[in-house]
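So the structure is just underneath, and the comments pick up after that.
The values are calculated or read from the model by the stated rules, or taken from the named source; none is laboratory data. As the structure is a prediction and not an experimental result, all values here were calculated from the model. Note: ideal-geometry Cβ built from the backbone for every residue, glycine included; neighbour counts use all protein chains shown. For the accessible areas, the whole protein counts, side chains as well, though only heavy atoms, and no ligand, DNA or RNA atoms are used. Shrake-Rupley method; radii C 1.70, N 1.55, O 1.52, S 1.80 Å.
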Amino acid sequence: MPPNSQKQNPLRQFKHSAPVEEIVIKRLEDLGFLLEEKEFSFGESNFKSKVDLILRRGRRKYAVEVKYSHRIQVALSHLLPRGILLLQAAKRLKGYIPIVAVVVEKLDQRDIRRVAGFVRHFAPEVGWLLVDEYGGAAFKDPEKDEYRILPQLDRRPSMHIVSPESDYPFSARHSKQLSFSDLDQWLLKVFLLGQPGIAPDYWGGPQGIVQNAFQLSKLSGVSRSVANSWFNAMASSGYLKRMGSKEAILLRPNALIEEWRGKYRFGDNRILPYRSMYPVPKSDEYFHDVLGRIKSCNEDTVPLAISGHQACKQFGVKHSSAKSIHVYFWGNIGLVANSLNLVPAEAANEANIFLVEPKYPKSVFGGRVVRKGVPICDILQCYLDLFNLPDRGREQADFIYENILHKMFEKGRLN
């Protein structure tokens, strides 16, 4: 069979993306490794084996086997054991230090702990790297005892998981016309959440009827030409149907949110790890103290908005036990940190709180809700942010969608 006609190995390449190995190489190079060789063969002539990568760091050489699966369960039950056996042979025969790299669709803290426990129990001499499509990663150096969470990469996803709804023909041809810029996201929120009947507990932005570009312009505070361009892009993308000049019907809201979720990354924001100036009590007590300080901040000088898991707690829709704290800010970071009694943390795993400078400030701050004096991001912003958080964020995001957002979309003309 000619080389060009051979089928690609699905474990070697994401759908519509660069090879998996390139993602792993980039991460390892960031950690100080240098690539020396790909697909290195070793062993006796009748029993040849092959590892994906050979890298060097200082005088030491490392064999890296790369595995890819959508599901971490498959990696644990099949891919990790195979990779470890191969790497143990490479170490025994050639003296290479072993590292197994696993790429999955989405990581959370539970997945990382499971992999850490598995390797520690069965092959403690093997290092490991976990990477996901959203730029998240964790690394266990084979020469150290503990793993660490790596900084989030500012990257668009390398994989695209196609759902039946996203195969709609309009999406494939025209979805690029929606840029999901700051202004686009703001208009989307006003259009989706500004409708009469949406609970003010979840949306603090403007409310009113929007059936054409003129009404959207008035409600959102953007020019009529911008609103009209947005309407045209929505229509050409198959998400909006115009009924004459006075009415528009939203189509396929689930697909729209899916595309938005795919374009948005929490890592696009500037995420800064901070810790308390003083010894921290129990996490719940500490967050209570943070809330008190947020309430006392002058809104005009220190604009803030809580997102993620702690926002869900304030909304009364907390589903997971995750306790990470993410607070959007705008303006002087020194003033914000001083107001909250914070100092910079040296690493993410040492942080008590993450201060987030938004890439899309209009969209983030425009729909804030203030509950009992506490500024909180709108429910849709919380959903988007949670989908990218490693500590059970997707689980919490799914809960919000199924119990709140989906019901909103089923009301009135959002059917």
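What are the residues in region 139-189 that are modelled with pLDDT of 50 or more, part of a helix (DSSP H, G or I) and open to solvent by 60 Å² or more (accessible area, probe 1.4 Å), if any?
Those that are modelled with pLDDT of 50 or more, part of a helix (DSSP H, G or I) and open to solvent by 60 Å² or more (accessible area, probe 1.4 Å): GLN177, LEU183.
Is it the case that some residue within region 393-408 is in contact with a strand residue (DSSP E or B) (Cβ under 8 Å, 6 or more places away or on another chain) and assigned to a helix (DSSP H, G or I)?
Looking through region 393-408, none of the residues is in contact with a strand residue (DSSP E or B) (Cβ under 8 Å, 6 or more places away or on another chain) and assigned to a helix (DSSP H, G or I).
Can you tell me which residue in region 293-309 is farthest from MET277 (Cα to Cα), limited to those that are β-branched (Val, Ile, Thr) and part of a loop (DSSP other than H, G, I, E, B)?
THR301
Quick one: ASP300 ticks every box in (1) charged (D, E, K, R); (2) exposed (fewer than 13 other Cβ atoms within 10 Å of the Cβ); (3) in contact (Cβ under 8 Å) with a residue 12 or more places away in the chain bar one, so which box is it?
Unmet for ASP300, out of (1) charged (D, E, K, R); (2) exposed (fewer than 13 other Cβ atoms within 10 Å of the Cβ); (3) in contact (Cβ under 8 Å) with a residue 12 or more places away in the chain: (3).
Here's a check for you: in region 27-48, which residue that is in a helix (DSSP H, G or I) and of a type in the set (D, E, K, R) is farthest from the chain's Cα centre (by Cα)?
Among those that are in a helix (DSSP H, G or I) and of a type in the set (D, E, K, R), it is GLU29.
From the list VAL64, VAL51, VAL24, VAL102, which residue is assigned to a strand (DSSP E or B) and either closer than 19 Å to ILE149 by Cβ or small (Gly, Ala, Ser) (or both)?
Just a single option satisfies the conditions, and that option is VAL102.
If a residue has to be modelled with pLDDT of 90 or more and open to solvent by 70 Å² or more (accessible area, probe 1.4 Å) to count, how many in region 54-88 make the cut?
Looking only at that region, the number is 4.
Yes or no, residue by residue, for (1) open to solvent by 10 Å² or more (accessible area, probe 1.4 Å); (2) over 23 Å from LYS295 (Cβ atoms); (3) small (Gly, Ala, Ser):
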| site | (1), (2), (3) |
| --- | --- |
| ASN332 | yes, no, no |
| ARG368 | yes, no, no |
| LYS372 | yes, no, no |
| ALA397 | no, yes, yes |
| ASN403 | yes, yes, no |
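Could you list, in sequence order, the residues of region 292-319 that are of a type outside the set (Lys, Arg) and more than 25 Å from the chain's Cα centre (by Cα)?
Correct list: GLY292, ILE294, SER296, CYS297, ASN298, GLU299, ASP300, THR301, VAL302.
Among the numbered conditions (1) touching a residue at least 40 places away in the same chain (Cβ under 8 Å); (2) part of a loop (DSSP other than H, G, I, E, B); (3) not charged (D, E, K, R), tell me where GLY331 comes up short.
Tallying (1) touching a residue at least 40 places away in the same chain (Cβ under 8 Å); (2) part of a loop (DSSP other than H, G, I, E, B); (3) not charged (D, E, K, R), GLY331 fails exactly one: (1).
With a cut-off of at least 3 residues that are free of Cβ contacts under 8 Å to residues at least 12 places away in the same chain and open to solvent by 40 Å² or more (accessible area, probe 1.4 Å), name the strands (runs of 3 or more DSSP E) lying wholly within region 193-283.
none
For the list (1) open to solvent by less than 10 Å² (accessible area, probe 1.4 Å); (2) outside any strand (DSSP E or B); (3) more than 19 Å from VAL74 (Cα to Cα); (4) modelled with pLDDT of 90 or more, I need the number of the one condition that GLY135 fails.
GLY135 satisfies every listed condition except (4).
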